[in-house]
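One structure is given below, encoded as structure tokens.
The values are calculated or read from the model by the stated rules, or taken from the named source; none is laboratory data. Since the structure is predicted, the reported quantities are computational estimates derived from the model, not experimental observations. With ideal geometry, Cβ positions are generated from the backbone for all residues, glycine too; neighbour counts draw on all protein chains shown. Keep in mind that these areas ignore ligands, DNA and RNA; they rest on the heavy atoms of the full protein, side chains included. Shrake-Rupley method; radii C 1.70, N 1.55, O 1.52, S 1.80 Å.
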Amino acid sequence: MIVTTDINPQYRIRVFYISLLGFSLSILASFWIDSSFIAQASSVVGTATVIQFLVAGFFMLLAWKTYPRTESAEFKTNSQPNPFLFILLLGIFLRILLIPIDSYTSNDTTRYLFDGKLAYEGIDPYQTAHDAAELQVLKQQWAPPEEHAKYVTLYPPLALALFALSASDGIEYAPLTWKLIVTFFSILTLLLAASLLRALKRKHYLPLIALSPLLILEAGVGAHLDTLSAFSVTLIAYCLWMKKPTLLGISIAIGTAIKLLPLALLMPIFLLAFFKRKFAFAFITAFSTLFGLILIYGSTFALGFKPIGSIGIFFQKWRFGSPVFSFLENNLSNPALLIVLAILFISGLVAISTYLYCSKAESHNEQYDKLLSAMQYVMALPLILSPVIFSWYLMPLAVLAALQPKPWLLAWILLAPLSYEVLNQFLCCSVWQPALWPLVTLATAIIFALLSPIFSKHIMPTNIKRSF
């Protein structure tokens, strides 16, 4: 699809830099929100966070749409700096700038570090819950979230290893160590994605990842493990483009050992290679993934840990941020709910498999684009049907959306942080009562993005052949 525009080049360049300034200011608002939280004005933190994400998302899209045409005479005449390099450096700078910010949007970091402390002390966090009597002294020192006290950890082995590495620095420095690890992988994700976009000749997509509020704020403020999951997905996409099946399989194994969702990417990669009769690529990738997982989990068992955890209990107990699951649960009995979810999941997998089987792509570029789409669908499917979707769960999808933008996916990523409204009552009054309007707004926006051909064609094109 070719997008034409009559916008004056000089005007476009000005708007582009205004968008970068607006985005930077919206990210820097974290310092104001952080100080408000410290000053006990916590009843407005949720609202302020929602506004911050929305404003930053608007300026990200504006930067994407007004990305300068470097080949234009106007651009060359004014000796403008290279926009690709400028955005790349700005993205790195903003990520580094947020290192001192405390995590006011989530208490996950304290959970990470306490699980890491247990592992560092030789206690199996997969078998020992935080309310165990023998942990009372450690619990008073590290103050993990009380709402998690009854449940053992659910994080895979490599994640736990990084938690333990951070916790080894002691209670005073462990949060900073973890923040530095998260920031390092956030920057590495950006650099690797930028290299991939350059190879794909899609440099104009860089604002969607360098300036992604989800990727910046959920790493720089929330310090979420999903930052590393986003890195693993970027690495998988890069190895796939480079046609390195062994490294690809290892990357999938590493991503799975950080958070389970990247394992889903093996399915479309294996199937398309198999359907295209690239049997060596398919089986080397699958074997490398299996070998990597056996090595990681086997080593974990050898160290005396039993990496099973409480992920099943987590999905039984928690409900948050999922329009589809909430609708189904409110309208179906428990047996019927499970049956419908199973049917939807299997139907989704069949549809993805059919999409790959019917693919007529012949060139490497065409096959890669088909795989990117399939990877988006296969990662989105379990999240759509999940009873729990915190906004940071979408960080890996934000990477895939930057490589091949789709309206429904961008709408989901940009509006998922509406759920932060729950912080208003939670931080001030310890009341966890999510509102209904974020789910309704999110579902409406996604449906509109899926069904409106005008919106899809003119506002957020899925495949732009450069005319900007």
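A few comments on the model shown:
- Span-rule helices in the chain, defined as complete DSSP H runs reaching 20 Å or more along the axis (Cα) with Kyte mean at least -1.0: 9-38, 45-65, 83-97, 170-199, 226-241, 279-302, 334-357, 364-385, 437-451
- Counting only Cα atoms, the size of segment 408-452 along its three principal axes is 41, 16, 8 Å, in decreasing order.
- Think of it as helices only: each DSSP H run of n ≥ 4 in the chain is worth -39500 (n - 2.57), and spread over all residues that comes to -21500 deg cm²/dmol at 222 nm.
- Annotation: S419 carries an accessible surface of approximately 20 Å², with a 1.4 Å probe and no ligand, DNA or RNA atoms counted.
- Neighbour net charge for L356 - beta-carbon separation under 15 angstrom, K R +1, D E -1: +2
- Note that segment 175-291 shows a convex hull volume over its alpha carbon atoms of 98 Å³ per residue.
- The chain: proportion of alpha-carbon pairs further apart than 30 angstrom, %: 47 percent
- Computed over segment 126-190, the range of Cα coordinates on each principal axis works out to 42, 25, 19 Å, biggest value leading.
- With the whole protein complex present, H204 retains an accessible surface near 10 Å², based on a 1.4 Å probe.
- Note on E421: accessible area approximately 30 square angstrom, rounded to 10, probe 1.4 Å, nucleic acids and ligands left out.
- Solvent-accessible area per residue for the chain (1.4 angstrom probe, square angstrom): 44 Å²
- Backbone geometry of segment 139-151 corresponds, through the Karplus equation with coefficients 6.51, -1.76 and 1.60 at θ = phi - 60°, to 3J(HN,Hα) couplings of 5, 5, 6, 9, 6, x, x, 5, 5, 9, 4, 7, 10 Hz, x marking Gly and Pro.
- When peptides 428-437, 15-24 are ranked by their average number of other Cβ atoms within 10 Å per residue, the highest-first order is 15-24, 428-437.
- Exposure rank, largest accessible area first [L341, L290, L372; 1.4 Å]: L290, L341, L372
- Whether segment 334-417 is rounded, prolate or oblate, judged on the alpha carbon gyration tensor where a/c under 1.5 counts as rounded: oblate
- Cut-off under 5 Å, modelled amide H: who pairs with F320 long-range: V388, I389
- Cβ-defined net charge surrounding S288, 14 Å radius [Lys, Arg +1; Asp, Glu -1]: +2
- With a Förster radius of 35 Å applied to the C-beta separation of S430 and K278, the computed FRET efficiency comes to 0.05.
- Candidate residues M242, M379: accessible-area rank, largest first, probe 1.4 Å: M242, M379
- Taking 0.692 mPa s as the viscosity and 37 °C as the temperature, the Stokes-Einstein diffusion coefficient of segment 317-360 based on its alpha-carbon Kirkwood radius rounds to 272 µm²/s.
- Summing Lys and Arg as +1 and Asp and Glu as -1 over all other residues whose Cβ lies under 13 Å from the Cβ of S430 gives a net charge of -2.
- The chain, accessible surface, carbon-and-sulfur percent (1.4 angstrom probe): 68 percent
- For segment 415-445 and segment 273-339, distance of Cα centres in Å: 27 Å
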